[in-house]
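A.B. asks: Here it is: the structure, laid out below.
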Amino acid sequence: MTAEAPVLAIRPVWPGARDVFFISIERMLPRARSFWVFLLLALPVVLGVLLRIYPPKAPLTGFEFYGVIVALFFVRNLLPLVALLFGSALISDAVDSKTLTYFLTRPVSRLSIFLGEFGAYLVTVLTLTVPCVVLTYLVLCVGTPQGAGFGATDLVQDLGACALTLFTYGGLFALLGVSLKKPLIPGLLFLFVWEGFVANFPGDAPNYTITAYARSLIRHRPSEEGLAELFSKFFGVGESVLVLGSVGVISLALAIWIFSRREYVISS
Amino acid sequence: MTARVVFKNASRWYGPVMALNDVSFELGPGVYGLLGPNGAGKSSLLKLASGQLRPSQGSVELLGRPAFGSPEVFHSVGLCSDTDALFDDFTGLQFVSALLSLNGFDRAQAHKLATEAIETVDLKDAMHRKVGAYSKGMRQRIKLAQALAHQPEVLFLDEPLTGMDPQNRKRISDLMKRLGDEGRTVLVSTHILHELEQVTRRVLLIHNGRVLAEGDLREIRDLLDRHPRSVRIKATNTRGLARELVTLPDLVSLNIEDATGHLLAEIRKPEAFFTKVQELSGAFGVEEMWVTDENLESVFSYLVSK
Amino acid sequence: MSTQIYEQHYRRLDASIPLRKQRWIPIAREGLKALIALRAYLGLIAIAWLPTFGRLVQVYFITRFPEARRIVPIDDKFFFDSMAFQMPWMLLMAAFAGSGLIANDMRTGGLLLYLSRPLIIGDYILGKVSILFASLSMVTLVPGLVLFFGARSLAPDILGEWSHLMLIPKIVGFALVTVLPTIGIVLVMSALARNARFAGLGFFFVFVGSAVAQAIAWRATRSSYAGLISIQACIRRVGEAIFGLKPSRMTAELPPELAFAVLATIVVVSLYVLKTRVRAVEIVK
């Protein structure tokens, strides 16, 4: 069978992105590193099971404890690292593995390639995160005096907060990944120095961090301890969603612009 | 002839390093060999031609459009790069089908075309195995399959025979010839000179980023008048033959090789020499005569040494 | 030349040339040379030393203004805090210098090049461990010792006694307790991930994840034993014991021996994983 001579036109953005997405998700999700990340994200589930079996003396309800986990474990610490792991690798992974050439020599635009890859990233990280958050909630709240129904709305909002956190950090680290050859150390410095310290400074400094807005989305967040108790700043939900969404979109737009113009010298 | 690949005064540098220097040529239908030593600029030329890089100066056109920034041309262009990088977790069939989907083929079409391409490179038995488990030659063939599967008009093949056994080399060489006969443009970069000669006589010789020569190999050779041809003669009466030939005006040198007893001559005008030898063949027992340097290697070595 | 067919009898390998001693040294040497050639590596060391210089300036001011000794005494806690402050730099250095050490070799087939020489896997691992040990010591042990000798020379009236020399084994001990488990974890990540970026991030996941898990567990249980989950908490607890300091609130009741056992287990398990995982040939099914 011979294929008909094709019209030389670039493929539309979304069908191209869809096809790139299917290839990328196949390469991203069923990998060992996704499994290990899932295990780490599932640590609170194990912790929750242990706490149900050996109830502690501290007067924290299951729901309050779930709030500690979502705010502290997921949104503040682990999800940004997950975003750094997968987001910074979006294009640089393909460059390192020298497989980017296969995408660049197909009739799909660079916009399609990037959108497809980012879509695969989002689906991957949400697939790893959502079950862990939901399981943590169920383990800690089902069968407690407050019951599983209590805070179900908060669970949905928390999932939204996790998704937005992953979107924003993912966009930012994707930008880092296309801009820098080695984005790991700058990414870690950003997370631990900028986001880790500056977010707890007094005054307006937290306004320039992502984590301050992300943790503001967890409405049932626990009270802070230590220095954070003194200096933590919280924003309104609407303001937080707007800022996080804008940062994510702007980062993505910049990343796409850089990726569209860059040359990739990939050789053996 | 419609040129499908056009380089016009194209140059490319990486910082202070000039990879390609003012290169101009056009490629139409047929098979072309790209020949040059390591660091000559072959990979850079192929990357420019396949739109992976933009020229620092000049222009590179592929199917009438700028090669860089025109992904639409890849409906009709295939690239088999020299890097040993594949989707190792995919099976061979999945790998080729996935890339065909990027060309816009639906699942059924992609599957059919992928299977045909894989059969062409004789990998049908292994197409359901993961690519990560393939041998080097198999990896090379699956790379070729993905380049061919969408039946492109233009094919860029960077060292396509690497890692292949002799049987598969013959198969792929025949395939390349067939593609050229079908009217496709195939640009093959390779170091395996004698196999390139079996595929095509049209070559592009490149060295230090410059094109030294392009065209038919024989014509290139003929143009090199300044470089004498080397001829080896096996005869029963070598010395007697030498005495007769030494008077020829276009003879540059004449030696009798101790080890073999053969006569080695360097001549400027081969036709006159061959005629003379023919006349003397009966008297001096000429058994064999052949030109030793009318091949790619000697032509290239000569040009590079200049 | 006539054709011959040779009888294939069993031949006993009787190597007469013994393996050289200290086979790991060239691996360590070349690895360190490659790192030192990187500006980022030297930059990281330079930045990691800034707090030490800050502390030396602090000591100098204390010698000029003795009243300040009451606010910032130069005692065991001073040196412990200084070394504890180096931990984030040590983690960054471990990720930078260590994440690709084994991963790159396994990914590119470089391990085969090593093993085609007269050395064994143990030499390879020892060489890599040495590279990391030297790198991490540059941001932990060496600054700690420089701070001690610098402070001793600046303030001999405070640190001039012979008994103060006991700080040296304390500094060395705490540095070893900090560095060795870190080396184990980062090399295991490097061997498992086969990709330097993922190895580095996996390493951070382990450290940060365990610390956060400890914080959560402590919030829930208010038990010091939650510190056993966190590598940083275990290191800190052992360090407090080495320097004879009062333990921090979250690990007040955690026995330092238990924390040390956790760290020792990490080192042993890491060595075991490296021994089994670092192979030149991988079978792909």
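The values are calculated or read from the model by the stated rules, or taken from the named source; none is laboratory data. If you're wondering where the values come from, they're calculated on a predicted model, not measured in any experiment. Virtual Cβ from ideal backbone geometry, glycine too; neighbours counted across all protein chains shown.
A.B. asks: Since C:Val278 meets every condition but one in (1) within 27 Å of A:Thr136 (Cβ to Cβ); (2) away from every other protein chain (no Cβ under 14 Å), which condition does it not meet?
C.D. replies: Of the numbered conditions (1) within 27 Å of A:Thr136 (Cβ to Cβ); (2) away from every other protein chain (no Cβ under 14 Å), the odd one out for C:Val278 is (1).
A.B. asks: Among residues belonging to the range B:34-49 that are polar (S, T, N, Q) and assigned to a helix (DSSP H, G or I), point out the one that is surrounded by the most Cβ atoms within 10 Å (Cβ to Cβ).
C.D. replies: Taking the range B:34-49 first, the residues polar (S, T, N, Q) are B:38, B:43-44.
If we keep only those that are assigned to a helix (DSSP H, G or I) as well, we get B:43-44.
Working: B:Ser43: 24, B:Ser44: 27.
Among residues in the range B:34-49 that are polar (S, T, N, Q) and assigned to a helix (DSSP H, G or I), the one surrounded by the most Cβ atoms within 10 Å (Cβ to Cβ) is B:Ser44.
A.B. asks: Within the range C:60-77, take every residue that is within 19 Å of C:Leu141 (Cα to Cα) and touching a residue at least 40 places away in the same chain (Cβ under 8 Å) and give me the one that is surrounded by the most Cβ atoms within 10 Å (Cβ to Cβ). Steps first, answer last, please.
C.D. replies: Kept after step one, since they are within 19 Å of C:Leu141 (Cα to Cα), are these residues of the range C:60-77: C:74-77.
Pick out the ones that are also touching a residue at least 40 places away in the same chain (Cβ under 8 Å) and you get C:74, C:76-77.
Details: C:Ile74: 22, C:Asp76: 18, C:Lys77: 16.
Out of the qualifying residues, it is C:Ile74.
A.B. asks: Further, regarding this structure: Which ones in the range C:31-79 are over 29 Å from the mean Cα position of the chain (by Cα) and not hydrophobic (A, V, I, L, M, F, W, C)?
C.D. replies: C:Tyr60, C:Thr63, C:Arg64, C:Pro66, C:Glu67, C:Arg69, C:Arg70
A.B. asks: Could I ask something else about it? Under 7 Å between Cβ atoms, which residue pairs at least 6 apart in sequence (or on different chains) link something in the range A:83-112 that is more than 8 Å from every other protein chain (Cβ to nearest Cβ) with a partner that is among the charged types (D, E, K, R) and in a helix (DSSP H, G or I)?
C.D. replies: So the pair list comes out as A:Leu90/A:Glu117; A:Ile91/A:Glu117.
A.B. asks: Given the criterion in a strand (DSSP E or B) and over 30 Å from B:Gly30 (Cβ atoms), identify the matching residue among B:Ile233, B:Ile206. Walk me through it before giving the result.
C.D. replies: Numbers: B:Ile206 fails: over 30 Å from B:Gly30 (Cβ atoms).
Matching residue, one of B:Ile233, B:Ile206: B:Ile233.
A.B. asks: Sticking with this one: Mind listing whichever residues of the range A:8-25 are facing another protein chain (nearest Cβ under 9 Å) and among the small types (Gly, Ala, Ser)?
C.D. replies: Those that are facing another protein chain (nearest Cβ under 9 Å) and among the small types (Gly, Ala, Ser): A:Ala9, A:Gly16.
A.B. asks: I've got another one for you. Report yes if some residue within the range C:244-254 is more than 30 Å from C:Ser163 (Cα to Cα), without any contact (Cβ under 8 Å) to a residue 12 or more places away in the chain and not hydroxyl-bearing (Ser, Thr, Tyr); otherwise report no.
C.D. replies: Going residue by residue through the range C:244-254, those that are more than 30 Å from C:Ser163 (Cα to Cα) are C:250.
From what is left, the residues that are without any contact (Cβ under 8 Å) to a residue 12 or more places away in the chain are none.
No, the range C:244-254 contains no residue that is more than 30 Å from C:Ser163 (Cα to Cα), without any contact (Cβ under 8 Å) to a residue 12 or more places away in the chain and not hydroxyl-bearing (Ser, Thr, Tyr).
A.B. asks: Of (1) charged (D, E, K, R); (2) closer than 21 Å to C:Met138 by Cα; (3) under 20 Å from the mean Cα position of the chain (by Cα), C:Arg197 satisfies all except one. Which?
C.D. replies: (2)
A.B. asks: Let me ask something else about it. Does A:Pro59 satisfy the criteria of being modelled with pLDDT under 85 and more than 9 Å from every other protein chain (Cβ to nearest Cβ)? So that I can check it myself, show each step before the final result.
C.D. replies: Values: modelled with pLDDT under 85: yes; more than 9 Å from every other protein chain (Cβ to nearest Cβ): yes.
Answer is yes for this residue.
A.B. asks: Continuing with the same structure: Among (1) part of a loop (DSSP other than H, G, I, E, B); (2) surrounded by fewer than 16 Cβ atoms within 10 Å (Cβ to Cβ), which single condition is B:Trp13 missing?
C.D. replies: (1) is the only condition that B:Trp13 fails.
A.B. asks: Tell me, which helices (runs of 4 or more DSSP H) wholly within the range C:151-270 include 1 or more residues that are more than 14 Å from every other protein chain (Cβ to nearest Cβ) and surrounded by fewer than 24 Cβ atoms within 10 Å (Cβ to Cβ)? Don't jump to the end; show me each part of the working.
C.D. replies: Working: elements: C:156-159, C:167-193, C:196-221, C:231-243.
Counting at least 1 such residues, we get C:156-159, C:167-193, C:231-243.
A.B. asks: For the range B:81-99, indicate whether the set of residues that are touching a residue at least 60 places away in the same chain (Cβ under 8 Å), within 27 Å of A:Pro12 (Cβ to Cβ) and in the same structural domain as B:Gln52 (by TED's automatic domain parsing) is non-empty. Outline the logic, then answer.
C.D. replies: Filtering the range B:81-99 down to residues touching a residue at least 60 places away in the same chain (Cβ under 8 Å) leaves B:81-82.
Restricting the remaining residues to those that are within 27 Å of A:Pro12 (Cβ to Cβ) gives B:81.
Okay, now just the ones that are also in the same structural domain as B:Gln52 (by TED's automatic domain parsing), so B:81.
So far as the range B:81-99 goes, yes, one or more of its residues are touching a residue at least 60 places away in the same chain (Cβ under 8 Å), within 27 Å of A:Pro12 (Cβ to Cβ) and in the same structural domain as B:Gln52 (by TED's automatic domain parsing).
A.B. asks: Here is a further query. Which residues, taken from the range A:26-41, are hydrophobic (A, V, I, L, M, F, W, C), in contact with a helix residue (DSSP H, G or I) (Cβ under 6 Å, 6 or more places away or on another chain) and within 11 Å of chain C (Cβ to nearest Cβ)?
C.D. replies: Narrowing the range A:26-41 to residues hydrophobic (A, V, I, L, M, F, W, C): A:28-29, A:32, A:35-41.
From what's left, in contact with a helix residue (DSSP H, G or I) (Cβ under 6 Å, 6 or more places away or on another chain): A:28-29, A:37-38, A:40-41.
Those that are hydrophobic (A, V, I, L, M, F, W, C), in contact with a helix residue (DSSP H, G or I) (Cβ under 6 Å, 6 or more places away or on another chain) and within 11 Å of chain C (Cβ to nearest Cβ): A:Val37, A:Leu40, A:Leu41.
A.B. asks: Go through (1) outside any loop (DSSP other than H, G, I, E, B); (2) crowded, with 18+ Cβ neighbours inside 10 Å for B:Gln167 and report which single condition fails.
C.D. replies: Status for B:Gln167: all satisfied but (2).
A.B. asks: Residues in the range B:262-279 that are of a type outside the set (S, T, N, Q) and either farther than 13 Å from B:Lys234 by Cα or free of Cβ contacts under 8 Å to residues at least 24 places away in the same chain (or both): how many?
C.D. replies: In the first step, residues of the range B:262-279 are kept if they are of a type outside the set (S, T, N, Q); the result is B:262-274, B:276-277, B:279.
Next, from what is left, pick out any that are either farther than 13 Å from B:Lys234 by Cα or free of Cβ contacts under 8 Å to residues at least 24 places away in the same chain (or both): B:266-274, B:276, B:279.
Going through the range B:262-279 one residue at a time, the tally reaches 11.
A.B. asks: Since A:Lys182 meets every condition but one in (1) more than 23 Å from A:Val13 (Cβ to Cβ); (2) assigned to a helix (DSSP H, G or I), which condition does it not meet?
C.D. replies: It fails just one condition, (2).
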